[in-house]
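The values are calculated or read from the model by the stated rules, or taken from the named source; none is laboratory data. This one's a predicted model, so the numbers in the text were calculated from it and none came from an experiment. Here the Cβ positions follow ideal geometry from the backbone for every residue, glycine too, while neighbour counts run over all protein chains shown.
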Amino acid sequence: MLELIAKAEQTHELTKEEIVELLKSDTHNAELFAAADRVRAQYVGDEVHLRGLIEFSNICRQNCLYCGLRRDNTKIERYRLTPEQIIDFAAKAKNYGYKTVVLQSGEDAWFDVATMQHIIREIKALGMALTLSLGEKTREEYQAYKEAGADRYLLRIETTDRQLYEALDPGMSHENRKRCLRDLKELGFEVGTGCLVGLPGQTLASLAEDILFFKEIDADMIGVGPFIPNEDTPLRGEKGGTFTLSLKVMAITRLLMPDINIPATTAMETLDPNGRVIALKSGANVVMPNVTEGDYRRMYALYPGKICINDTPAHCRSCITGKISGIGRKVSQGHGYRQKKR
Ligand code: SAM
Ligand code: SF4
Ligand code: FES
């Protein structure tokens, strides 16, 4: 086990079988996390990049079995911010000191290309970096977002197991998800992807393949989080992912992709009250605090127990700054683009 960790730390390469070995045994987790922390420090330094997250619509045409925003969920109260509200939240995020905003939503067709271009241009005029996470679109739509100035795009592959993906995401094709990621790369976006850990039927071998897929497509950002079962979805009775396994997938990703950006995800903090700090000490270098205001935070209900639903953007900003300085790290003043070092 220690040999595998040393190999990963030095060469940034592991085979699928070696990754499975690491995932299988919990005897040397502390060493694994420490190695990921060293690689993080060496390649991306001690600064933590903050991205202000705006959850601007919970309306979705898709029906992913794990997600509370799925179209068949009638229990959820739906909302959609206006373009002016979105731009206003972005301007406020800038005032709180954020250098990047992330616009995330369900797949909501109300936001057509012209509307998105308007929002993107207004936010870029504020001098911020802009990440989009709007789901699957055509290449032409992605191109239009890029032309309007968007810098980055987050689209998790969720799982590289095609059969599992197509079972959990009815009506969606794994091929199209991969096509989206390819188009985004070719169009010059910084591309973020990632996976859910603990999906029903997911194996350790499949998680190993997820990690190798991230490397194969040379993703710029990887978000890993536990699947947390939602009462209002068909997966309500499932067990969900564990904090430790999610952290291990994240740490191995850091070892194999030393210079990328890796968020300490919100879902991790949902399972452990200190989850983001633990993740920051196990390979992560990014946090995405919520800058959505008011009741919308609660209504963007992917899974139960979501953190910060009753907090304000100002509170979250000072909370996370405190946590970051508490572990001897500091908040970056830059835009936090990936600096390729390998
Ligand atoms: N609709 C876009 C998409 O699917 O890419 C963006 C929004 S979607 C809500 C963002 C992410 O939430 C998904 O990629 C998925 O990994 C995560 N998610 C959804 N349901 C979840 C659950 N029950 N537990 C943990 N994460 C979940
Ligand atoms: Fe919609 Fe994204 Fe949730 Fe799937 S994961 S139902 S695409 S919001
Ligand atoms: Fe929201 Fe700590 S980041 S309360």
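Check the range 162-179 and report whether any residue there is assigned to a strand (DSSP E or B) and more than 12 Å from ligand 1 (Cβ to nearest atom).
No: the range 162-179 contains no residue that is assigned to a strand (DSSP E or B) and more than 12 Å from ligand 1 (Cβ to nearest atom).
Quick one: would you say R70 is closer than 18 Å to Y153 by Cβ and modelled with pLDDT of 95 or more?
Judged against the criteria, R70 is not a match.
Scanning for something within 16 Å of ligand 3 (Cβ to nearest atom) and in a loop (DSSP other than H, G, I, E, B), does the range 134-146 turn up at least one residue? It would help to see each step written out before you state the result.
Going residue by residue through the range 134-146, those that are within 16 Å of ligand 3 (Cβ to nearest atom) are none.
The answer is no, given that none of the residues of the range 134-146 is within 16 Å of ligand 3 (Cβ to nearest atom) and in a loop (DSSP other than H, G, I, E, B).
Pick from the range 66-88 the residues that are among the aliphatic types (A, V, I, L, M) and either closer than 9 Å to F56 by Cβ or without any contact (Cβ under 8 Å) to a residue 24 or more places away in the chain (or both): which of them is nearest to ligand 2 (Cβ to nearest atom)?
L81
If a residue must be assigned to a helix (DSSP H, G or I), over 27 Å from K94 (Cβ atoms) and either modelled with pLDDT under 95 or of a type in the set (S, T, Y) (or both), how many such residues does the range 264-293 contain?
Adding up the residues that qualify gives 1.
I'm trying to understand the selection: among the residues of the range 222-254, which are of a type in the set (A, V, I, L, M) and surrounded by fewer than 24 Cβ atoms within 10 Å (Cβ to Cβ)?
Selection gives I228, L235, L245.
For the range 40-53, state whether one or more residues are of a type outside the set (F, W, Y), within 16 Å of ligand 2 (Cβ to nearest atom) and not in a helix (DSSP H, G or I).
yes
Pick from M268, M257: which is over 29 Å from P304 (Cβ atoms), under 19 Å from the mean Cα position of the chain (by Cα) and touching a residue at least 40 places away in the same chain (Cβ under 8 Å)?
Numbers: M268 fails: over 29 Å from P304 (Cβ atoms).
When all the criteria are applied, what remains is M257.
Restricting the search to the range 120-138, which residues are within 16 Å of ligand 1 (Cβ to nearest atom) and in contact with a helix residue (DSSP H, G or I) (Cβ under 8 Å, 6 or more places away or on another chain)?
Within the range 120-138, L130, L132, L134, E136, K137 meet the criteria.
Scan G305, G328 and give me the residue that is more than 10 Å from ligand 3 (Cβ to nearest atom), assigned to a loop (DSSP other than H, G, I, E, B), more than 21 Å from M221 (Cβ to Cβ) and more than 21 Å from the chain's Cα centre (by Cα).
After ruling out the rest, the residue left standing is G328.
Only one of these conditions is not met by E13: (1) assigned to a helix (DSSP H, G or I); (2) more than 19 Å from the chain's Cα centre (by Cα). Which number is it?
For E13, the exception is condition (1).
May I ask you to say which residue of K306, K330, K281 is within 16 Å of ligand 2 (Cβ to nearest atom) and surrounded by fewer than 22 Cβ atoms within 10 Å (Cβ to Cβ)?
That would be K306, the only listed residue that is within 16 Å of ligand 2 (Cβ to nearest atom) and surrounded by fewer than 22 Cβ atoms within 10 Å (Cβ to Cβ).
Return a yes/no flag: does the range 255-271 have any residue that is within 21 Å of G192 (Cβ to Cβ), away from ligand 3 (no atom under 16 Å from the Cβ), surrounded by fewer than 24 Cβ atoms within 10 Å (Cβ to Cβ) and of a type in the set (S, T, N, Q).
yes
If I go through the range 180-222 residue by residue, how many of them are within 29 Å of E238 (Cβ to Cβ) and part of a helix (DSSP H, G or I)?
Total meeting the criteria: 15.
Look through the range 175-187, keep the residues that are more than 14 Å from ligand 2 (Cβ to nearest atom) and surrounded by 14 or more Cβ atoms within 10 Å (Cβ to Cβ), and return whichever of them is nearest to the chain's Cα centre (by Cα).
Within the range 175-187, the subset more than 14 Å from ligand 2 (Cβ to nearest atom) is 175, 178-179, 181-187.
Cutting the leftovers down to surrounded by 14 or more Cβ atoms within 10 Å (Cβ to Cβ) gives us 178-179, 181, 183-185, 187.
Values: K178: 17, R179: 19, L181: 14, D183: 19, L184: 16, K185: 17, L187: 20 Å.
Per the stated criteria, the residue is L181.
Taking the range 103-118, which residues are part of a helix (DSSP H, G or I) and under 19 Å from the mean Cα position of the chain (by Cα)?
Of everything in the range 103-118, nothing turns out to be part of a helix (DSSP H, G or I) and under 19 Å from the mean Cα position of the chain (by Cα).
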